[in-house]
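Novice: Okay, handing you the structure first.
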Ligand SMILES: NC(=O)c1ccc[n+]([C@@H]2O[C@H](COP(=O)([O-])OP(=O)(O)OC[C@H]3O[C@@H](n4cnc5c(N)ncnc54)[C@H](OP(=O)(O)O)[C@@H]3O)[C@@H](O)[C@H]2O)c1
């Protein structure tokens, strides 16, 4: 006898990304490779189990990159989930592998090959900032030629929708005519530096898919789960600190889609249960005050 699995509304509700319905709580695959995003996972079976459980719990939007590992996250996604559920939206990114000038097409082809798909639902063009690309590199990046290549790849059917990542307000404005569907920049309850980009997403009805929604695993970035006010709010509403951080994002704007990253089944379950967490007006206002958006 089989046990039917009860499937209710996706946690956190739904949104549309590149014309496809997605649950607002998705999954970021960057924590699946080994420490610091390098090498094989500490425990391959757990990594595969996390991906399968994510889908069971309602994730139908997975964010990945060929250079997570490198070559590890995509291989795990393929091993865990192929043949993919029809409703799964796979989003990758190119341009962030530090030596990319004119290699966007090769990046898309590599993702298509390792994920074993004919088309990537969305590909984010990940721009390098000056600190990442070095003094000469930032100037060498020609946004228009990169966007032209992305549009060509979309016209050929290899990409469903184009996103941009790590962009400035000017760069997003410049990219809009290419037909952008989503924006990925760092953003969390404790880091609202890029709030003006969220405003632009709202204005143009684009999905805002923040990376580091919990403050990442990297040192030197404010950890949402460790902030005393978040911990206090979590106790007050009967949730965990991670859930408070994610619930704040869900409540802050309907254009926000979540892709928290985890290598832990327990954390995954916690993050997915965020859809049931309700923050009252007083808690929301306290959390709103933790980080000031720029004027
Ligand atoms: N576009 C870009 O340039 C870009 C850049 C970076 C990331 N991304 C994408 O954004 C996604 C999210 O960013 P991220 O993974 O770097 O950072 P994140 O989601 O902000 O945080 C991940 C960290 O939080 C921990 N964590 C997750 N759930 C938790 C919970 N319930 N309680 C306590 N700790 C928890 C994880 O540890 P455990 O593994 O122990 O749970 C990990 O250390 C990535 O996975 C990736 O797909 C995109």
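The values are calculated or read from the model by the stated rules, or taken from the named source; none is laboratory data. Bear in mind that the values here come from a model prediction, so they are computed numbers and not experimental data. When we count neighbours, we look across all protein chains shown, and the Cβ atoms used for this are built from the backbone with ideal geometry, even at glycine.
Novice: Looking only at residues in region 36-47 that are assigned to a helix (DSSP H, G or I) and farther than 16 Å from residue 267 by Cβ, which one is modelled with the lowest pLDDT?
Specialist: Among residues in region 36-47 that are assigned to a helix (DSSP H, G or I) and farther than 16 Å from residue 267 by Cβ, the one modelled with the lowest pLDDT is 36.
Novice: Considering each of 172, 153 in turn, give the residue that is within 14 Å of the ligand (Cβ to nearest atom), touching a helix residue (DSSP H, G or I) at 6+ places or on another chain (Cβ under 6 Å) and in a helix (DSSP H, G or I).
Specialist: 172
Novice: Is it the case that region 193-209 has a residue that's closer than 19 Å to residue 57 by Cβ and within 11 Å of the ligand (Cβ to nearest atom)?
Specialist: Yes.
Novice: Next question, about the same structure. Do any helices (runs of 4 or more DSSP H) entirely within region 181-295 hold 1 or more residues that are within 20 Å of residue 21 (Cβ to Cβ), and if so, which?
Specialist: 195-204, 241-252, 265-272
Novice: For region 238-261, which positions are in contact with a strand residue (DSSP E or B) (Cβ under 9 Å, 6 or more places away or on another chain) and closer than 23 Å to residue 89 by Cα?
Specialist: 246, 249, 250, 253, 254, 255, 256, 257, 258, 259, 260, 261
Novice: Within region 48-62, track down each residue that is assigned to a loop (DSSP other than H, G, I, E, B) and either touching a residue at least 60 places away in the same chain (Cβ under 8 Å) or surrounded by fewer than 19 Cβ atoms within 10 Å (Cβ to Cβ) (or both).
Specialist: 57, 58, 59, listed by residue number.
Novice: With the structure loaded, tell me whether residue 65 is touching a helix residue (DSSP H, G or I) at 6+ places or on another chain (Cβ under 9 Å), outside any loop (DSSP other than H, G, I, E, B) and surrounded by 15 or more Cβ atoms within 10 Å (Cβ to Cβ) or whether it fails that test.
Specialist: No: the conditions fail for residue 65.
Novice: Name every residue in region 243-253 that is within 10 Å of the ligand (Cβ to nearest atom) and over 16 Å from the mean Cα position of the chain (by Cα), in order of residue number.
Specialist: Within region 243-253, 243 is the sole residue that qualifies.
Novice: Let me ask another. Among the numbered criteria (1) within 13 Å of the ligand (Cβ to nearest atom); (2) more than 19 Å from residue 187 (Cα to Cα), which single criterion is violated by residue 262?
Specialist: Every listed condition holds for residue 262 apart from (2).
Novice: Could you grab me the full set of residues in region 213-238 that are within 11 Å of the ligand (Cβ to nearest atom) and surrounded by fewer than 23 Cβ atoms within 10 Å (Cβ to Cβ)?
Specialist: Across region 213-238, the qualifying residues are 215, 216, 217, 218, 219, 221, 222, 223, 225, 226, 234.
Novice: Filter region 176-193 down to the residues that are without any contact (Cβ under 8 Å) to a residue 60 or more places away in the chain and over 16 Å from the mean Cα position of the chain (by Cα) and list them by number.
Specialist: Listed by number, the residues that qualify are 176, 177, 178, 179.
Novice: Now for a different question. Of everything in region 68-90, what is under 24 Å from residue 275 (Cβ atoms) and part of a helix (DSSP H, G or I)? Give them in sequence order.
Specialist: If the condition is that a residue be under 24 Å from residue 275 (Cβ atoms) and part of a helix (DSSP H, G or I), then 77, 80, 81 are the ones that fit.
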